[in-house]
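The values are calculated or read from the model by the stated rules, or taken from the named source; none is laboratory data. Given the structure is predicted, the values throughout are model-derived calculations rather than measurements. Positions of Cβ are backbone-derived with ideal geometry, glycine not excepted, and every protein chain shown enters the neighbour counts.
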Amino acid sequence: MLSAVIWDLDYASADAFDQHVSDYAPNWWGSQWVDPNFEKYFMYRAVVLSDIPSNIDLPQDPNVPETYQLHQNYPNPFNPTTMINYQLPMTDYIELSIYNVLGQKVATLVSERQAAGAYQVEWDASGYSSGVYYYSLKAGEFYNVKKMILIR
């Protein structure tokens, strides 16, 4: 979105000025000054927003990721806990689940709407047997799966 600033200059002579008339009184969107001849000038500012594409890069919040990502768990292989990191570029309903090698869901770690940002979830696999497990992240149109190994 392109943002353009338009300045408009208005003029009133000192004898036409009335501080109680809003057209000549300063307010939050304008400023005024007086020249040595007591002539009053007003400068007004208006911001116009349009959908015209531009090559102006607006600053982005450095804490908000640009893409969806599911990172490899750490440590891997692990015993009995591991950390799973992921990031969301926008608020979305997400589901982070664990599956065994047969494709059966054995745990759901997160199933909720989350704001944009980076997240870390710990999985405690104390009650699970050694082997290969998969974890998946579903968020909107994004879906990714990673493999991890539990060693006892």
### Message
Residue under question is Tyr86, and the condition is that it be surrounded by fewer than 16 Cβ atoms within 10 Å (Cβ to Cβ), aromatic (Phe, Trp, Tyr) and closer than 18 Å to Lys146 by Cα; does it hold?
### Response
no
### Message
I need the full set of residues from region 101-127 which are more than 13 Å from Leu88 (Cα to Cα), exposed (fewer than 15 other Cβ atoms within 10 Å of the Cβ) and touching a residue at least 40 places away in the same chain (Cβ under 8 Å), in order please.
### Response
Glu122, Asp124, Ser126
### Task
Could you please find all residues in region 54-76 being surrounded by fewer than 16 Cβ atoms within 10 Å (Cβ to Cβ) and either modelled with pLDDT of 95 or more or of a type in the set (Val, Ile, Thr) (or both)?
Ile56, Val64, Thr67, Gln69, His71, Gln72, Tyr74, Pro75, Asn76
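Taking region 128-144 as the region of interest, how many residues are free of Cβ contacts under 8 Å to residues at least 12 places away in the same chain and assigned to a strand (DSSP E or B)?
So in region 128-144, the residues free of Cβ contacts under 8 Å to residues at least 12 places away in the same chain come out as 141, 143.
Narrowing further to those that are assigned to a strand (DSSP E or B): 143.
Looking only at that region, the number is 1.
Considering Val110, Val106, which residue is closer than 23 Å to Thr67 by Cβ, part of a strand (DSSP E or B) and in contact with a strand residue (DSSP E or B) (Cβ under 7 Å, 6 or more places away or on another chain)? So that I can check it myself, show each step before the final result.
On the way: Val106 fails: closer than 23 Å to Thr67 by Cβ.
Being closer than 23 Å to Thr67 by Cβ, part of a strand (DSSP E or B) and in contact with a strand residue (DSSP E or B) (Cβ under 7 Å, 6 or more places away or on another chain) holds for just one of Val110, Val106, which is Val110.
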